Amino acid sequence: MPTEEQTQYNSWGQVSSYSQRRGQRLTIPNRRVTHLSFMLQRYSSYGTPPYYYTFWFQISRVNDGAVIATTSGGWYGSIPTSPTWITQALSTPVVINEEVRISVYATLRTSTQYILAAWQNSDVKSGEYYSYQADMSDVWNDYPDMDMAYRYTYELGVPGISTNPAVAITASAATLNGTLNDDGGEPCDCGFEWGETIAYGNTTPTQSRRTGQTFAQTITGLDPNKTYHFRAFATNSVGTSYGADRTFSLNSITLYARCRKGTQGWAFSGGVRLVIRRRSTGDTWEGGSQSVTSTGYGYFSENWAACPWTGLPWCRVDVNDLEIGISLLGDWRSGYESNTYCTQLYMEINFGGAIIILRPNGRGSQQLITDGYPNGRQDNWANVNDVVPDEDASYAHEGNFPTTGWNRDLYSIPALPIRPTVSTDPATGIGQVSATLNGFLDDDGGVVTDCWFEWGLDTTYGTETTPEYKSSGESFAFELHDLVPGTTYHFRAVARNCFGVSYGADEEFSTNIQINRAHALSREEL
């Protein structure tokens with residue numbers, strides 16, 4: 001096993017009674033420490049120390065003095081009277097990632113029997129300090145120009161790694177994310193494998209990371225009609241570990257409009273802007289201006305990836321909460337607006353090549369501006385490319401049309417019957433203070449789905465578990481801890497995709513009653 005050490009020494013100091021300690025102040029960088037060693041010798045001018053004279057090795061935090069680990073060396077009469085490396089194993093290896101003091105101390109001494117610890121009266125280890133505690137005051141004295149003679153041994157292990165969801169997904173790129181949960185005791189090279197299947201075939205550049213740090217890589221040049229797999233990996237000197245496989249699709253959401261310029265040359269002169277609004281929050285985004293130069297029909301499109309408030313994964317936006325529309329810039333004076341049309345206003349959603357077309361309430365054509373209507377609105381549906389029967393439009397016009405300037409009309413898109421379907425399964429592993437919640441995703445609606453649980457003391461729940469990505473036919477679970485014995489809890493499974501949220505049925509369970517041992521033993525049946 002690897003060892004960190006400072007082995008030079010030219011001086012000796014007593015480790016005697018009254019909890020006098022000598023050691024080294026140093027930073028241990030996320031290592032699982034297994035053994036401590038110090039250069040010691042026993043001073044003996046007469047006889048041997050009593051059997052209850054013992055010595056100890058200890059590790060304590062610098063910031064608050066708390067003891068992290070202590071190991072007994074036993075009777076210090078066993079220490080040779082010549083300089084010797086004395087090594088003690090920690091009963092339980094401990095992971096340390098902070099500044100600590102490693103030290104040696106003894107319980108008692110006599111004038112003829114005591115321990116000497118070796119140190120160097122010059123600075124050998126930069127950034128480390130020789131530390132000395134004179135008595136039971138717990139006050140340490142640190143000397144940056146000296147160093148204790150010490151060794152500590154630590155274990156290396158394979159890394160622990162997690163693959164996190166991809167973010168910043170656009171029409172041709174995505175950012176992959178991971179977390180290094182455990183570096184195994186040394187810096188790791190962290191990156192991603194990715195491709196169209198679980199064979200991957202592509203590897204990103206690596207980044208050096210330590211325990212608890214995240215890492216990310218952006219991949220580009222992707223095909224918007226494909227689903228991609230990826231997983232995180234971490235490598236140290238022991239080996240390579242891999243996170244779970246995840247997938248993402250280049251889920252493009254694009255607005256389209258087919259517009260026609262009015263017959264008057266100056267009407268509709270400024271162009272077209274396509275609009276998205278979230279009804280629940282009022283967030284509105286308007287695309288860039290696109291000019292209209294002909295009285296013939298022109299097609300306009302805007303990819304939703306440019307929308308600044310859609311940085312979340314697509315599945316976190318409910319499509320049924322959206323309105324889409326169009327803004328026009330022109331001269332709206334009476335007599336000059338005729339034949340200005342917006343037709344075939346619709347939204348196209350592409351989930352990994354599965355394309356869904358959404359039109360506002362099935363409408364195919366809308367003449368937005370007509371003579372004689374100062375509020376700028378008259379329905380004139382041409383029924384172009386209708387996909388459902390006509391019905392009343394959900395219509396929102398922002399104020400009266402002015403004589404000049406931008407004018408906006410928004411229309412609700414139809415509700416989609418492809419929300420996920422989820423079931424709540426009975427709780428398992430029920431104990432006094434813990435239980436496991438269970439759920440099953442019956443149908444993901446064709447897109448990636450978040451699944452989690454709501455739970456609490458009644459059907460208002462009040463607490464949610466961490467979401468996890470699931471697909472149709474997959475189960476999911478979450479283990480609860482720190483529950484109250486003899487208490488009834490309610491829970492239900494929840495699933496969400498981009499088309500909405502669904503809930504499983506309410507289930508309940510009761511934690512076991514905590515029984516006093518004396519009472520239990522007094523019962524005849526026990």
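The values are calculated or read from the model by the stated rules, or taken from the named source; none is laboratory data. Fair warning: this is a prediction, and the values are worked out from it, not measured in the lab. So basically every Cβ, Gly included, is an ideal-geometry build from the backbone, and we count neighbours across all protein chains shown.
Against the list (1) free of Cβ contacts under 8 Å to residues at least 40 places away in the same chain; (2) not in a strand (DSSP E or B), the condition W194 fails is (2).
Screening the candidates D145, D189 for the property of being surrounded by fewer than 18 Cβ atoms within 10 Å (Cβ to Cβ) and in a loop (DSSP other than H, G, I, E, B) yields one hit, D145. What residue, among those in the stretch 439-472 that are in contact with a Ser or Thr (Cβ under 6 Å, 6 or more places away or on another chain) and farther than 15 Å from V422 by Cα, is surrounded by the most Cβ atoms within 10 Å (Cβ to Cβ)? Only one residue tops the list, namely W455. Looking across the stretch 15-60, the residues that are over 19 Å from K125 (Cβ atoms) and within 32 Å of the chain's Cα centre (by Cα) come down to R32, T34. Inspect all residues belonging to the stretch 480-498 and state whether any of them is at pLDDT below 95, closer than 30 Å to V275 by Cβ, part of a loop (DSSP other than H, G, I, E, B) and outside the structural domain of T227 (by TED's automatic domain parsing). Yes, the conditions are met somewhere in the stretch 480-498. For the stretch 501-510, the set of residues classified as outside any strand (DSSP E or B) and surrounded by fewer than 20 Cβ atoms within 10 Å (Cβ to Cβ) consists of A505, D506, listed by residue number. Filter the stretch 456-479 for residues that are among the β-branched types (V, I, T), in contact (Cβ under 8 Å) with a residue 24 or more places away in the chain and either assigned to a strand (DSSP E or B) or out of contact with any Asp or Glu (no Cβ under 7 Å at 6 or more places or on another chain) (or both) and give the result. Selection gives T465 alone.
Here the stretch 473-500 is the region considered, the condition is being under 14 Å from S423 (Cα atoms) and loosely packed, with under 14 Cβ neighbours inside 10 Å, and the residue that is farthest from the chain's Cα centre (by Cα) is G473. Of the strands (runs of 3 or more DSSP E) lying entirely inside the stretch 1-120, those carrying at least 3 residues that are buried (at least 19 other Cβ atoms within 10 Å of the Cβ) and among the hydrophobic types (A, V, I, L, M, F, W, C) are 21-44, 54-61, 84-106, 113-120. Taking residues in the stretch 107-131 that are farther than 15 Å from F57 by Cα, and partners anywhere that are charged (D, E, K, R) and surrounded by fewer than 19 Cβ atoms within 10 Å (Cβ to Cβ), the pairs with Cβ atoms closer than 6 Å and at least 6 places apart or on different chains are D123/D145; Y129/D142. Among the conditions (1) touching a residue at least 60 places away in the same chain (Cβ under 8 Å); (2) surrounded by fewer than 15 Cβ atoms within 10 Å (Cβ to Cβ); (3) in contact with a strand residue (DSSP E or B) (Cβ under 9 Å, 6 or more places away or on another chain), S172 misses just one, which is (3). Residues in the stretch 140-163 that are within 41 Å of the chain's Cα centre (by Cα) and free of Cβ contacts under 8 Å to residues at least 60 places away in the same chain: P144 alone. Residues that are within 20 Å of G73 (Cα to Cα) and part of a strand (DSSP E or B) are absent from the stretch 160-182 altogether. Of the listed requirements (1) touching a helix residue (DSSP H, G or I) at 6+ places or on another chain (Cβ under 8 Å); (2) modelled with pLDDT of 95 or more, I86 misses just one: (1).
Can we say V95 is closer than 24 Å to D138 by Cβ, out of contact with any helix residue (DSSP H, G or I) (no Cβ under 6 Å at 6 or more places or on another chain), of a type in the set (V, I, T) and modelled with pLDDT under 95? So V95 does not fit the description; no. Determine, yes or no, whether Y150 is at pLDDT 95 or above and touching a His at 6+ places or on another chain (Cβ under 7 Å). The answer is no for Y150. Scanning the stretch 122-135 for residues that are assigned to a loop (DSSP other than H, G, I, E, B), at pLDDT below 95 and at negative phi gives S122, D123, V124, K125, S126, A134, D135.
Yes/no per residue for (1) assigned by TED's automatic domain parsing to the domain that holds F215; (2) more than 30 Å from W194 (Cα to Cα); (3) not charged (D, E, K, R):
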position: P83; (1), (2), (3): no, yes, yes
position: V95; (1), (2), (3): no, yes, yes
position: T107; (1), (2), (3): no, yes, yes
position: G127; (1), (2), (3): no, yes, yes
position: D138; (1), (2), (3): no, yes, no
position: V167; (1), (2), (3): yes, no, yes
position: L176; (1), (2), (3): yes, no, yes
